[in-house]
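The structure appears right after this line, and notes come after that.
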Amino acid sequence: MAEEDGVRLEGEVREKLLRSKEQWAREGRLLTGTTGADRLPPGQRLVTDFPVLDLGVQPEVKPERWRLRLEGLVENRLALNWDAFMALRQRDFVNDIHCVTAWSRYDNTWRGVASRDLLELAKPKPEARFVVFHSYDGYTTNVSLDSFADENVLVAHSWAGKPLDRVHGGPARIVIPRYYFWKSAKWVTRIEFLAEDRPGFWEVRGYHNNADPWLEERYG
Ligand SMILES: Nc1nc2c(c(=O)[nH]1)N[C@H]1C(S)=C(S)[C@@H](COP(=O)(O)O)O[C@H]1N2
Ligand SMILES: [Mo]
């Protein structure tokens, strides 16, 4: 096992780490894999509550009215209703949230459908390289198709073992942990596949297009 940042771990601790990682792998759980000081990105502070941030409109979307569409450059357009979405393979995820307003929250447990499972159904065309998430409040945000396809990305309907609150994007939201949280669209309804990148709501208002908290890609 390689040393990280020149910090050598004791044999016993390394064993434990290895065992728990093997355990996570067996369980199919996806964790951030980072611990201690390396876990908090630059300029962030840890919180234990769960702040609410949005445009001020919190749409009330009843599950029976909710749809998730995958369209644009895909072989199979999808329009999933709630039952169809819930009938897909359900997986659990654990990850850290990093908001551009400088709060981070560790160990969020989510349940939902992995982006990879959705991609397998929709089959993006070879020319598809970007996606835009569209939400019921009119919000949009963009990421590369590659990052959407990361194994820790999901459309979540539960948080901490309960249905996702409306204020946090219920009935369903995107969770894309590697970026600042504005990339995690709440109240998601449409995932559009594109050949060219198309900046979303905040991205055209001075936020960074890429949003990597480890590189402090906040603005610009
Ligand atoms: N639909 C929608 N999604 C959104 C937003 C929004 O205004 N509308 N705000 C983003 C921002 S800036 C952040 S930090 C997170 C906040 O999510 P939370 O309210 O669950 O903490 O949602 C993101 N997703
Ligand atoms: Mo944010």
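Read-outs throughout are calculated quantities, based only on the coordinates presented, and are distinct from any laboratory measurement. What you are looking at is a predicted structure, and each value in this text was computed from that prediction instead of being measured. Because the Cβ atoms are built from the backbone with ideal geometry, glycine has one as well, and the counts that use them run over all protein chains shown.
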Check your understanding: Quick one: would you say L121 is more than 24 Å from N210 (Cβ to Cβ) and assigned to a helix (DSSP H, G or I)?
Key -> yes
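If the requirement is being aliphatic (A, V, I, L, M), touching a Ser or Thr at 6+ places or on another chain (Cβ under 6 Å) and more than 15 Å from V113 (Cβ to Cβ), which of these qualifies: A160, A185, A195? I'd like the intermediate steps shown before the answer.
Numbers: A185 fails: more than 15 Å from V113 (Cβ to Cβ); A195 fails: touching a Ser or Thr at 6+ places or on another chain (Cβ under 6 Å).
Only one candidate passes the filter, namely A160.
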Point to revise | Subset of segment 130-171 [in contact with a strand residue (DSSP E or B) (Cβ under 9 Å, 6 or more places away or on another chain), in contact (Cβ under 8 Å) with a residue 12 or more places away in the chain and surrounded by fewer than 16 Cβ atoms within 10 Å (Cβ to Cβ)] | key: S144, E151, A160, G161
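Picking from W182, W110, W214, which residue would you name as being aromatic (F, W, Y) and part of a strand (DSSP E or B)?
On the way: W182 fails: part of a strand (DSSP E or B); W214 fails: part of a strand (DSSP E or B).
None of the others qualify; the one that does is W110.
Looking for whichever is near ligand 1 (Cβ under 9 Å from one of its atoms), within 12 Å of the chain's Cα centre (by Cα) and of a type in the set (A, V, I, L, M, F, W, C) here; the options are W159, W182. Which one fits?
Values: W159 fails: within 12 Å of the chain's Cα centre (by Cα).
Checking each option against the conditions leaves just W182.
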Review point. Which of the residues that make up segment 124-146 are within 16 Å of ligand 2 (Cβ to nearest atom) and part of a loop (DSSP other than H, G, I, E, B)?
Key: D137, Y139
Point to revise | Condition met for W110 (closer than 30 Å to Y219 by Cβ and in contact with a Phe, Trp or Tyr (Cβ under 6 Å, 6 or more places away or on another chain)) | key: yes
**Study point:** Long-range neighbours under 8 Å by Cβ, at least six apart or interchain, first residue closer than 14 Å to F133 by Cα within segment 197-220, second surrounded by fewer than 17 Cβ atoms within 10 Å (Cβ to Cβ) and among the aliphatic types (A, V, I, L, M)
**Key:** F201/L55
